[in-house]
C-alpha cells in the first residue's frame, strides 16, 4: 500500500508505479535532487506499461524484453556476431556439394578448422543467430507496446491546466506580467498560434497548443515495419519459400527443376566470343565470352509428375531467351544464366545398313544413345539390340563393360538376321564414333560378318548431338514482397519521425502573471521561434534565444 | 475515484480506440502479455527449431532420416522407401560402370538370401542407366532383391551421393544406422546387417 500512496499526486490523480510526471497535472513526482533543471519529458513522464511493484515470472520476462538497454545490447551483439560470419566464405555460397569438414581446414588451416568447428561457417543459419533475431523481434514488439499505449493515453487525455512547476521546468519558458483581461489575452494568443498550424484547446485562462502529434507514432510504425521485415526473413525457412539451386541442361534436353513441378528445356545455347581485335593487348588470344544465351522453355507438369513409370505431361508456360542479367521469370521463379560447357555430347545417330555384296542400303534407323528400341527392321534385315555401352571398354575379365554412364565412347551389339546370315543371327558390334571404330578395331571384332554387311552413318545430318550445355541458377524467394512491405513501413515511420516535430505550448495566467512553457521532441530552435513569433504578433517582442531555459539539446 | 480520471473531452479524437486502449491497459493486459509471449515462443521456436532439425538439403549422416523415394522396379511395380517402415532396410546405389558396385551385387544377393527370413529388405537403386543395360546385368547375376530404377539422377541427388557405390543401412525406426561409401567385403556387409537386425 505504501507504493500506492507514494504515486498519488496532490491533484488527486492516482499514477502508476514508475510515473515521473503526474499524468493529470504534470507535477514532477519523483524526489528531485535538482528542482531547477528542465524536466525529463520522455514518453510524457508516464510509467512504462510493464512497471510493477512486485513482478512475477511472466512480468520479469516481459520487463527483460521491455528494456531499451537490453534491446541495444541485443542489436550490438547481433552486429558483432554477424561480422564473424564474414571472415571466411559461408557454406551456402558453394555451389557444388562439398564436404565442409575438410574444406575449411584444407583452405585456411587451423583457423579454418576452428571456424568450422565453432559453426561459424553457417553463422546466419545457426540457432543462436536466429535466436538473436527472434529476441530482437520480441524486444521490438514489447518495447513498442509498453511505450506506445501509455504514450497514446497520455497524449489523448491531456490536462490543459498544468502544474506551475511543470510549465516552469520546460526547456522553453516565458514568464511575464500581462495587463488587461487574461481570458481575452489567451484567446488572442491562441488565434496567432492557430495561424502557425497549432490546434488550440483552452480552459479559462489556461491554454494548450499542439501540432504534428502524428510524428510521435513514426518510431512505432518504423518498428512495425522492422517486425514485418524480420518475420519475412524468418519465413524463408518455410518449405518452398526460398530456393537457390543450379541445373545443367544440354542442348535439346528437358530437365526438372528439383523440388518443383517445373521443367526447363534448353532449345539451344549459344556463346559468342570477343574477336582478337576487340580485346586489349593482354587478353588477345584468350576466349572471352561476349554473349551467352539460352533459348529456354519453361514447362509445368500437369500429370504423372512423380510417377516413375509414366512420362510426365508438360504444359508450356513461358519461353524466354536467357542472357546474363535477363532471367526467365515466372511466378516468382527466376532462371539466371550462370555458366556453360562447350563439350559436345552425342544424343542419337541415324545409321543405314549396307549389304556389302549387292551394295544395297537400307534405313536409316533411329538409334538414340540411351533407351533405344530393342528391335530395328531394315528391309530384309532384323536387328535385335543385345547390349549397349556408354563408354565401351574390355573389363579385367575379358568381358565388354562400360566405364561411365555418359555417351563418351558408345557401342551397340546387335544380333543381325537376314539374307546371307545365319538363321539364328550373327552378332555385330557398332561404334557410332569413327575414333572408336579405329581404336577398338570394329572390323576385327566383327570378323566374318564385316564382309557381308556394314552399319554406318551417312553424313553429319544423320548425327544428332548437343553442342553445349548451359548452367542455370534457379532462384525463388516468396518472402521478398513482404521484405519490401516491411521496408516501406519502416521508411514511412522513419520519415514521419524525422521530418516533423511534435510541438506543444502550455500556458496559464494566474492573477495577471503569465507562465508559458513549450516542449518539442526535436528542433528547439523552431519551437522557440514559434513562441517568439506568436508573442510578436500580439505585441510582445522577445529574443527567441532568451526563451531558452537550458537543458540538453535545447 | 471519480476525480482520478479527469479526461478533457475536447482532445479526445477517437473514443473507440481509446476504449480498446483502456481495455488493453486494464483487465486483459495479462492476457495480451501471455498471448504475445506464446506467439514469440511459437514463431521463434519454429525459426530456431528449423535451423536445428530442418535444414533439408544438408548432408545425410548417421541418425538422420533418409529422403523418401518412389521408384519402379524391373517388373514395373512402384516401390517406396516408406513402404518398408519398421523394417531393416539396406539401400545400395550401384551402376554397371562401377566395378566395386558390380562386385558387391552377388555379395548382396547371398546376404539377402541369408537374412531375408529375418525381415531384411535390400533395395538396389541403379544410377539412372538405360533399361537394356540394367536388364542384361541382372540376368547375368540372377538377383532376387528389388532393383529400382532411378531416373535422371533424381534420387541419387536427393541422397547427396558423391561416389559409388554408396550403401545406406536404415534402422527399423527409419533413421540411418550407417552410410558406407565405397565397396565393402562380404564380411563387412554381413557384420553390419547382423547389427542392423538386432536394433
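The values are calculated or read from the model by the stated rules, or taken from the named source; none is laboratory data. The structure presented is a predicted model; accordingly, all values stated were derived computationally and were not measured. As a convention, Cβ positions derive from the backbone with ideal geometry for all residues, glycine included, and neighbour counts pool all protein chains shown.
Quick notes
- The condition of being assigned to a helix (DSSP H, G or I) and in contact (Cβ under 8 Å) with a residue 40 or more places away in the chain holds for only one of A:176, A:192, that being A:192.
- Elements of type strands (runs of 3 or more DSSP E) contained in the range A:196-250, each with 1 or more residues being closer than 28 Å to residue A:499 by Cα and within 11 Å of chain B (Cβ to nearest Cβ): A:199-203, A:206-211
- Single unsatisfied condition, residue A:261 versus (1) crowded, with 16+ Cβ neighbours inside 10 Å; (2) not assigned by TED's automatic domain parsing to the domain that holds residue A:531: (1)
- One residue stands out in the range A:90-111 among those that are in contact (Cβ under 8 Å) with a residue 24 or more places away in the chain and not in a helix (DSSP H, G or I): the one that is farthest from residue A:234 (Cα to Cα), namely A:95.
- Residue within the range B:92-106 that is more than 14 Å from chain A (Cβ to nearest Cβ), under 30 Å from residue A:393 (Cβ atoms) and in a helix (DSSP H, G or I) present: yes
- Scanning the range A:258-307 for residues being part of a loop (DSSP other than H, G, I, E, B) and either at positive phi or touching a strand residue (DSSP E or B) at 6+ places or on another chain (Cβ under 7 Å) (or both) gives a total of 9.
- When residues of the range B:112-144 are limited to those that are under 23 Å from the mean Cα position of the chain (by Cα) and outside any strand (DSSP E or B), the one farthest from the other protein chains (Cβ to nearest Cβ): B:119
- Residue satisfying condition, being at pLDDT 85 or above and in contact with a helix residue (DSSP H, G or I) (Cβ under 9 Å, 6 or more places away or on another chain), within set A:229, A:273, A:263, A:292: A:229
- Screening residue A:399 against (1) farther than 18 Å from residue A:465 by Cα; (2) touching a strand residue (DSSP E or B) at 6+ places or on another chain (Cβ under 9 Å) leaves a single unmet condition, (2).
- Qualifying residue in the range B:62-80 (condition: over 30 Å from residue A:304 (Cα atoms), at pLDDT 60 or above and more than 10 Å from every other protein chain (Cβ to nearest Cβ)): yes
- Selection within the range A:112-140 - in a helix (DSSP H, G or I), more than 10 Å from chain B (Cβ to nearest Cβ) and free of Cβ contacts under 8 Å to residues at least 12 places away in the same chain: A:113, A:114, A:117
- Meets criteria (within 28 Å of residue B:98 (Cβ to Cβ), away from chain B (no Cβ under 14 Å), touching a helix residue (DSSP H, G or I) at 6+ places or on another chain (Cβ under 7 Å) and buried (at least 16 other Cβ atoms within 10 Å of the Cβ)) for residue A:431: yes
- Looking across A:463, A:416, one residue alone is buried (at least 20 other Cβ atoms within 10 Å of the Cβ) and away from chain B (no Cβ under 13 Å). It is A:416.
- Enumeration of residues in the range B:43-82 that are assigned to a helix (DSSP H, G or I) and surrounded by fewer than 14 Cβ atoms within 10 Å (Cβ to Cβ): B:45, B:49, B:52, B:53, B:82
- Output for the range B:160-176, where each listed residue is touching a strand residue (DSSP E or B) at 6+ places or on another chain (Cβ under 7 Å) and either in a loop (DSSP other than H, G, I, E, B) or crowded, with 19+ Cβ neighbours inside 10 Å (or both): B:161, B:163, B:164, B:165, B:166, B:167, B:168, B:169, B:170, B:171
- Taking the range A:159-177 as the range and being within 8 Å of chain B (Cβ to nearest Cβ) and surrounded by fewer than 22 Cβ atoms within 10 Å (Cβ to Cβ) as the test, only A:160 passes.
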